[in-house]
Amino acid sequence: MKRIKIVVVDDSAFSRRTISRMLESLDSVEVVGYATNGEEGIQKVIALKPDLVTLDLEMPKMDGFTLLRILTTRFSLPVIVISALSGADKVFKALELGALDFVAKPSSSASIDLLNIQEDLHKKVLQILSLTHKDRVSPESKNAVVVNRDAKPVTPAGIARIGIQHPADLVAIGSSTGGPSALHQIFSAFDQKYPFAIAVSQHMPLGFTKAFAERLNRNSHYDIKEAEDGDFVLPGRAYIAPGGKNMIFEVRGEQVVVRTVQPSETDRYIPSVDLMLQSCAAIYRSRVTAVILTGMGNDGSKGVRAIKEHGGYVIAESEESAVVYGMPREAVATGVVDRCVPLDKIASEIIFQGGAA
């Protein structure tokens, strides 16, 4: 079997050695080289032609962001960022610039702490390298989903589409790899608060979702926060499922509230898109719109069936814009998706189906 070639870029000798050992404990992986800064990283990529690069962001000479732009645009290489929780905002910037995923490096430099990321690192490396050609998008399409900060907000008057509306009280969005930048683009596109709430389950580890919600909130008319147990679900507000937990809903009196619950041992994806969709389908029935964005795996495919069974509406991101066309493809395969649209049209579709057009 062909071995997968990886280059490790990190200015810490200890981190380089430890990450290399963790990667090479996988039978299919060979670490062919390492670099201590961005300039050396480019040289190693040209000379060694790796299949994947792991990247630290804080480095001398040429930093990780500059190298990341070059790796994703010139070389079309998949990149996994390995960064500390204290640099969460920088991680999200890296994801917006094209990094496929990230692994949270512990703040402590103790070897036993760094080794704790091995399972997560193995899982994400294997997921990215196992993507079929059908799952991957062209470099041109991938570049198109980088956040366009100059894009004009979507307004109801700017929506010209004939169709049947399914007014929603809740829009429930599921995403994984490529999701942070896609969500940023969607939330930035709303020109105002609309009369529906938004719930998001984005696959993300514990400790990062609060910073992610705050980053989204800075560029949106919606009030966006990391969901907390007992939050009232209100129009004009958006709730990001906390990392490491699942977000579901329950009715208390006449009010819908958020419940954040510990995942079970059988939960493959956390936060779970399926559980979120199944929960809100039972409560909101026909007045919920589900949106499945870019991501690996099939999380959401059970949930969209529940949405449709209860009369709701289902949107999937189309292959042309998805960084990874895994989750949307599995949703479409269920036969219940109502509309497939590229990322730059999803906000318009949400507004239209929300009854605001």
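The values are calculated or read from the model by the stated rules, or taken from the named source; none is laboratory data. What you are looking at is a predicted structure, and each value in this text was computed from that prediction instead of being measured. Neighbour counts run over all protein chains shown; Cβ positions are idealised from the backbone, glycine included.
I'd like the full set of residues that are part of a loop (DSSP other than H, G, I, E, B), in contact (Cβ under 8 Å) with a residue 60 or more places away in the chain and not β-branched (Val, Ile, Thr), limited to the range 288-301. Before the answer, list the steps.
So the first thing to find is which residues in the range 288-301 are part of a loop (DSSP other than H, G, I, E, B), and the list is 293-294, 296-300.
Narrowing further to those that are in contact (Cβ under 8 Å) with a residue 60 or more places away in the chain: 293-294, 296-297, 299-300.
Passing the criteria: LEU293, MET296, GLY297, ASP299, GLY300.
For the range 330-357, how many residues are touching a residue at least 40 places away in the same chain (Cβ under 8 Å) and out of contact with any strand residue (DSSP E or B) (no Cβ under 8 Å at 6 or more places or on another chain)?
5
Give the residue that is modelled with the lowest pLDDT, with candidates limited to residues of the range 286-323 that are among the aliphatic types (A, V, I, L, M) and more than 18 Å from GLN185 (Cβ to Cβ).
Of all residues in the range 286-323, those among the aliphatic types (A, V, I, L, M) come to 288, 290-293, 296, 304, 306-307, 314-316, 322-323.
Okay, now just the ones that are also more than 18 Å from GLN185 (Cβ to Cβ), so 288, 290, 296, 304, 306-307, 314.
On the way: VAL288: 96, ALA290: 98, MET296: 90, VAL304: 98, ALA306: 98, ILE307: 98, VAL314: 97.
By that ranking, first place goes to MET296.
Scan the range 233-269 for residues that are surrounded by fewer than 21 Cβ atoms within 10 Å (Cβ to Cβ), aliphatic (A, V, I, L, M) and closer than 16 Å to LEU206 by Cα and jot them down.
VAL261
Return the residues of the range 268-284 that are closer than 20 Å to ILE186 by Cα and either out of contact with any strand residue (DSSP E or B) (no Cβ under 9 Å at 6 or more places or on another chain) or part of a helix (DSSP H, G or I) (or both); say none if nothing qualifies. Walk me through it before giving the result.
To start, the set of residues in the range 268-284 that are closer than 20 Å to ILE186 by Cα comprises 271, 273, 276-277.
Scanning the range 268-284 gives VAL273, MET276, LEU277.
Filter the range 1-56 down to residues that are under 23 Å from ARG74 (Cα atoms) and hydroxyl-bearing (Ser, Thr, Tyr) and give me whichever is surrounded by the fewest Cβ atoms within 10 Å (Cβ to Cβ).
Here the residue is THR36.
This table checks each residue for (1) in contact (Cβ under 8 Å) with a residue 60 or more places away in the chain; (2) in a loop (DSSP other than H, G, I, E, B); (3) in the same structural domain as GLU349 (by TED's automatic domain parsing).
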site	(1), (2), (3)
GLY174	yes, no, yes
ILE186	yes, no, yes
GLY230	no, yes, yes
GLY244	no, yes, yes
ILE248	no, no, yes
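Quick check: is even one residue across the range 202-215 acidic (Asp, Glu), touching a strand residue (DSSP E or B) at 6+ places or on another chain (Cβ under 9 Å) and either under 17 Å from ILE307 (Cα atoms) or part of a strand (DSSP E or B) (or both)?
no
With the range 20-111 as the region, which helices (runs of 4 or more DSSP H) entirely inside it contain at least 1 residues that are of a type in the set (Gly, Ala, Ser), at pLDDT 95 or above and farther than 14 Å from ASP10 by Cβ?
38-48
Yes/no per residue for (1) assigned to a helix (DSSP H, G or I); (2) surrounded by fewer than 21 Cβ atoms within 10 Å (Cβ to Cβ):
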| position | (1), (2) |
| --- | --- |
| SER286 | yes, yes |
| GLY303 | yes, no |
| ILE307 | yes, no |
| GLU320 | no, yes |
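Let's see how each residue does on (1) more than 23 Å from the chain's Cα centre (by Cα); (2) without any contact (Cβ under 8 Å) to a residue 24 or more places away in the chain:
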{"residue": "PHE14", "(1), (2)": "yes, no"}
{"residue": "VAL31", "(1), (2)": "yes, no"}
{"residue": "GLN43", "(1), (2)": "yes, yes"}
{"residue": "ASP56", "(1), (2)": "no, no"}
{"residue": "LYS61", "(1), (2)": "yes, no"}
{"residue": "GLU96", "(1), (2)": "no, no"}
